[in-house]
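Q: Here it is: the structure, laid out below.
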Amino acid sequence: MTRKHRKHPYRKLPLPSNAPFELKPSSRKGWGAFAKTRISKGATILIDKPLFIIYKPSLKITEEDVLMAFLRLAPADKETFLRIRDNGSASFESLLATMAQNTFQVHTGGSNLAAFGMFVLLSRFNHSCSPNSTIPTSVSESGRETLAILAKRDISAGEEITFNYLPGFELKSQHERHQLLQFTCKCEACHASSSAQRASDMRRTLVRGLQYLSRGKDLDEQTQDSTLPFSIDPELKKAAEELRIPLSSRFLIDLLSMALLEEEGLIDDLIVKKIQTVSGWFETERNDRIAKHAMAQATWREKFCVAARLYGREDAADHDVAMELQTMRDLALEQ
Ligand SMILES: [Zn+2]
């Protein structure tokens, strides 16, 4: 480590005494957080409290908002704020720029105002499109908003700890991800050989197409139909949009999506929740038996292989499922 790195202001950032990570220069981007010991899957890596929260009715924060929040800080917190560097090296040009690069939106507990927390430590973790940790949203008991970062899988000592900055990144190709990130990501998923890269892009795009069939709309809400990165047979697309995809096909679509995400190393509790399978919905006894047997398998790939026997089968619940999904869609539209 060079003298410059030993003197770096991040050396003085106050880490929790039991933190299983340290801050160091990263080959990925500026500085990053690295595991000091082995961290088990599901373990909490850090619970971070924001230095301050700015509440605004809109997403627009001004330099003055940040200045006011900064001036109200205790002297030690002011010092912490001033230690933050752009990409680990140069100082930021403005308070607003510091805020923009170190902010997470937090839940406001029923308030209509958007809440932006200044998270100094959490913001030191770099992005990866194949991350080993995740940040589910939570609220602390004290009522102050906190965010936790948890290990998605076992992390070895010395490994850089990363999470994903992009919503819906699982379904985006490398090109799409880099456009949204506005920097060239050097993570394992982006840095793979070109054939592995193409396979990764293909898997993620395929999952997005499969999920379109299951939901009748794109998982990436921002994208208009015309710009979907895949094409679907018009008849099938119409059937998906009208929620006419039979239950057995829905089940297979979701299992195949999970098997592909498993291949990408992206399975965690959040994605399992996002792509809930319809395994418990079958009414035809034989279908239900196969579905249960499939779900008892260890991996998503194995679940899919067992469930493949259901392909093309009708189920007594098909009509009710379509009605139920329509009701759910109507309710979602009302909200
Ligand atoms: Zn990447």
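The values are calculated or read from the model by the stated rules, or taken from the named source; none is laboratory data. Just so it is clear, the model here is predicted, and its values are computed rather than measured. Glycine gets a Cβ as well: all are built from the backbone with ideal geometry, and neighbour counts include every protein chain shown. To get the accessible areas, we keep the full protein, side chains included, count just its heavy atoms, and leave off ligands, DNA and RNA. Shrake-Rupley method; radii C 1.70, N 1.55, O 1.52, S 1.80 Å.
Q: Rounded to the nearest percent, how much of the accessible area of the chain (1.4 Å probe, protein heavy atoms only) is carbon and sulfur?
A: Working: 9540 of 18200 Å².
The nonpolar share, carbon plus sulfur, comes to 52 percent.
Q: If you plug each phi of the stretch 301-315 into the Karplus form 6.51 cos²θ - 1.76 cosθ + 1.60 with θ = phi - 60°, what whole-Hz ³J(HN,Hα) values come out, in order, with x for Gly and Pro?
A: Karplus-based 3J(HN,Hα) across the stretch 301-315 equals 4, 5, 4, 4, 4, 5, 5, 4, 5, 7, 3, x, 7, 8, 9 Hz.
Q: Still on this structure, please answer the following. Counting only the heavy atoms of the protein chains, how much of Met202 is accessible to a 1.4 Å probe, in Å² to the nearest 10?
A: 130 Å²
Q: Could you name the lysines in cross-link range of Lys217, using Cα to Cα under 17 Å and dropping any fewer than eight places away on the same chain?
A: List returned: Lys172, Lys237, Lys238, Lys274.
Q: For the chain, what proportion of DSSP beta bridges, expressed in % and rounded to the nearest 5, is antiparallel? Walk me through the numbers on the way to the answer.
A: Details: 26 of 28 bridges.
Just about 95 percent of them are antiparallel.
Q: If the only charges are +1 at each Lys and Arg Cβ and -1 at each Asp and Glu Cβ, what is the size of the charge dipole of the chain around the Cα centre, to the nearest 20 debye?
A: Here the size comes out at about 1840 debye.
Q: So how exposed is Asp201, as accessible area in Å² (1.4 Å probe, rounded to 10)?
A: Around 40 Å² of this residue is reachable by solvent.
Q: Also: Given H placed on each backbone N at 1.01 Å, which residues far from Ser91 in sequence or on other chains put an amide H within less than 5 Å of it?
A: Amide H to amide H, under 5 Å and 5 or more residues apart or across chains, Ser91 pairs with Asp86.
Q: Looking at the square roots a ≥ b ≥ c of the eigenvalues of the Cα gyration tensor of the stretch 1-111, which shape do they give, rounded for a/c under 1.5, prolate if a/b is larger than b/c, or oblate? Don't skip to the answer; put the middle values down first.
A: Numbers: a/c = 1.99, a/b = 1.34, b/c = 1.49.
Because a/c hits 1.5 or more and a/b fails to exceed b/c, the stretch 1-111 counts as oblate.
Q: Taking the Cα centre of the stretch 188-334 as the origin and placing charges on Cβ (Lys, Arg +1; Asp, Glu -1), which of Leu210, Leu256, Pro234 is farthest toward the positive end of the dipole?
A: Working it through, the farthest residue towards the positive pole turns out to be Leu256.
Q: Once the Cα atoms of helix 318-334 and of the chain are each reduced to a long axis, what angle between those two axes, in degrees from 0 to 90 to the nearest 10, is obtained?
A: Relative to the chain, helix 318-334 is tipped by roughly 30 degrees.
Q: Mind running the shape call on the chain? Use the C-alpha gyration tensor, a ≥ b ≥ c as the square roots of the eigenvalues: rounded below 1.5 for a/c, prolate if a/b tops b/c, oblate otherwise.
A: Judged from the Cα gyration tensor, the chain comes out prolate (a/c at least 1.5, a/b above b/c).
Q: GNM on the chain, C-alpha springs below 10 Å: top fluctuator among Ala259, Ala296, Ala115?
A: Sorting by GNM fluctuation, first place goes to Ala296.
Q: Counting only heavy atoms of the protein chains, get the accessible area per residue of the chain (1.4 Å probe) and round it to a whole Å² value.
A: Result: 54 Å² per residue.
Q: Moving on to the next point. Protein chains only, probe 1.4 Å: how do Leu325, Leu147 rank by accessible area, largest first?
A: Ranking Leu325, Leu147 by accessible area, largest first, yields Leu325, Leu147.
Q: Where Lys and Arg each count +1 and Asp and Glu each count -1, what net charge lies around Ile290 among other residues with Cβ under 12 Å from its Cβ?
A: +3
Q: Distance cut-off 25 Å, Cα to Cα: go down the list Lys56/Lys273; Lys56/Lys78; Lys4/Lys49; Lys12/Lys56; Lys152/Lys186 and report the pairs above it.
A: As for pairs spanning more than 25 Å Cα to Cα, those are Lys56/Lys273; Lys4/Lys49; Lys12/Lys56.
Q: For Phe21, list long-range residues whose amide hydrogen, built 1.01 Å from N in the peptide plane, is under 5 Å from its own amide hydrogen.
A: Lys36
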